[in-house]
Structure formats: structure tokens, C-alpha cells
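I have placed the structure first, in the form of C-alpha cells, so that the comments after it can refer back to it.
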Amino acid sequence: MTQITIDPDLLAVLPNIRFGCIEAEITVDTDYPALKKLLNDKISELENILTAEIIREKDTVKATKNAYRLLGKDPNRYRPAAEALMRRIANKKGLYAISNVVDVLNLVSIETGFSICGYDKSKIQGDISFGKGKEGEPYEGIGRGHLNIENLPVFRDELGAFGTPTSDSVRTMIDDKTKEVLFIFVDFGASALLKESLENCMELLCKYAQATGVKSKIV
């Protein structure tokens, strides 16, 4: 499986960080009524439960936001993706339907609070490292345009930054031509949910995205 190295400077600040990784060959589809119903049912359920305070206090969200603060980034201005999704639901704005693969990621994210990074594996060039965003480092977030990633935790390959728990990048985004994905659960708080969340995500990919060659690991 893909190896991820962690920059020593980031590891010095966040010594307990770990990743849950999934790799799989998948079939991307935009017509997936069964999964849409499952996701919409979960959204309806959470609309009646979630509040800003409950979201903030969720262990996985809290750990991610605390990590941002330790790195020097305002987590309320650059919200982790899971928190942003859950806040949309709490405000009864729902979620956009993207594709079966992305919606599996979003479903697991709103259930667990993990900000799951999802990439087209073929678009990643060379080895992956995880470090701290630099001043002026170029990054185009999906639906966000240029994103200031200075001090954010950032995934890089040989071409530069391609992912953060706040927003995935346009360069490595999953689209209708994607054949193989890499999902990374960034666990900032040694969550007891990580193993179960990975297993649930793999089951959903197999059921709704015809996943094959599925591999996972926690590192």
C-alpha cells in the first residue's frame, strides 16, 4: 500500500497522529438511488440531533480542531471538512450529491466526525508526505478556489500540496474517470472509532461502488 511519511516538525507538535488508509479499484456512478436514500435518511436523522455545540464536542472533530490550533491555524476559519458537512446538516442545508464514491466518503464522515481525504490515486505523483503548509504555497481547493494552506496539515507528492483535512484539491479530485481511490482518515486523537470506521467504509465501497482489490491499514 501507499506509504506516507510525516514531517519531523509536524510530528514534534502532533506526536500521536496516525492514519487509516483505504485503497480500492472502484466504479464511479452518478445514478445510485439506494445510496442516496441511505445518505438522505442519515441526514434527516442528524438534522434533529446536531447542534453547533454537539458538533464541536464530538471527539474526532475536537481532536482535529485542537491539532489545527497547535499548528497555528484558526479551525473556525478553516473548518475541518467533517465539521463543515455536519454544520450544513444542522442548518438544514443538506449535502450535495456528487457521486457514489464521494457520497460514501461523506456518509462515513458525518457518522464519525473524521475529515476523510479522498483522492484519485492515479493523480498522485511519487511518494506522499504529511507536513505543515507553507506561506504562499499554491493550492486550489474543490469549490473553494485558492486556499491559504499556511499552517494547515497538508499532504504532498512530488508535484506539491494536494490535500488537507479542510479541503481536497482539484488536482487529485475524484471524478467520473477515476478507477482507483485512496481514502485517508486523519486521526489526530487516537480515536477508538478508527478501525470500525475503516471497515464500514470498505463495506460501503464494495456495496455501492463495486470496489475490488480493497486494502486497508492503520499507520
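Where a number appears in this text, it was derived from the coordinates with a stated rule and is not lab data. The shown structure was predicted, so the numbers you read here are calculated from the model rather than taken from an experiment. Virtual Cβ from ideal backbone geometry, glycine too; neighbours counted across all protein chains shown.
Within region 77-96, restricting attention to residues that are more than 11 Å from residue 110 (Cα to Cα) and under 17 Å from the mean Cα position of the chain (by Cα), the residue that is surrounded by the most Cβ atoms within 10 Å (Cβ to Cβ) is 80.
For region 158-167, how many residues are in contact with a strand residue (DSSP E or B) (Cβ under 6 Å, 6 or more places away or on another chain) and either farther than 21 Å from residue 85 by Cα or not small (Gly, Ala, Ser) (or both)? Quick ask: steps written out before the conclusion?
Kept after step one, since they are in contact with a strand residue (DSSP E or B) (Cβ under 6 Å, 6 or more places away or on another chain), are these residues of region 158-167: 161-165, 167.
Still in the running and either farther than 21 Å from residue 85 by Cα or not small (Gly, Ala, Ser) (or both): 161-162, 164-165.
The number of residues fulfilling the criteria is 4.
What residue, among those in region 100-128 that are more than 16 Å from the chain's Cα centre (by Cα) and of a type in the set (Gly, Ala, Ser), is farthest from residue 11 (Cα to Cα)? For region 100-128, the residue satisfying everything is 122. Under the condition of being charged (D, E, K, R), farther than 17 Å from residue 141 by Cβ and out of contact with any helix residue (DSSP H, G or I) (no Cβ under 8 Å at 6 or more places or on another chain), the residues counted in region 109-129 number 2. Considering only residues in region 22-48 that are among the aliphatic types (A, V, I, L, M) and more than 13 Å from residue 105 (Cβ to Cβ), the one that is farthest from the chain's Cα centre (by Cα) turns out to be 34. Of the numbered criteria (1) in contact with a Lys or Arg (Cβ under 6 Å, 6 or more places away or on another chain); (2) buried (at least 17 other Cβ atoms within 10 Å of the Cβ), the one residue 99 fails is (1).
Of 35, 85, 50, all but one fail to be of a type in the set (A, V, I, L, M, F, W, C) and within 16 Å of residue 166 (Cβ to Cβ); the exception is 85. Residue by residue through region 111-146, note down the ones that are surrounded by 20 or more Cβ atoms within 10 Å (Cβ to Cβ) and aliphatic (A, V, I, L, M). Scanning region 111-146 gives 116, 124, 128.
Across region 119-146, the number of residues qualifying as without any contact (Cβ under 8 Å) to a residue 24 or more places away in the chain and in contact with a Ser or Thr (Cβ under 7 Å, 6 or more places away or on another chain) comes to 1.
If a residue must be outside any helix (DSSP H, G or I) and under 16 Å from the mean Cα position of the chain (by Cα), how many such residues does region 191-202 contain?
Our first condition is that a residue be outside any helix (DSSP H, G or I); within region 191-202, this holds for 191-193.
Now narrow it down to the ones that are under 16 Å from the mean Cα position of the chain (by Cα): 191, 193.
Matching residues across region 191-202 total 2.
Scan the strands (runs of 3 or more DSSP E) fully inside region 104-163 and keep the ones with 3 or more residues being aliphatic (A, V, I, L, M).
Numbers: elements: 116-120, 128-132, 153-157, 160-163.
Fully inside region 104-163 and qualifying: nothing.
Within region 5-62, count every residue that is in a helix (DSSP H, G or I), under 27 Å from residue 154 (Cα atoms) and not charged (D, E, K, R). Final tally of qualifying residues: 10. Would you pick out the residues in region 65-103 that are farther than 27 Å from residue 214 by Cβ, part of a helix (DSSP H, G or I) and touching a Gly at 6+ places or on another chain (Cβ under 9 Å)? 66, 67, 71, 83, 88, listed by residue number. Consider residue 17 carefully, then state whether it is touching a Cys at 6+ places or on another chain (Cβ under 8 Å) and either under 17 Å from residue 163 (Cβ atoms) or not β-branched (Val, Ile, Thr) (or both). No: the conditions fail for residue 17.
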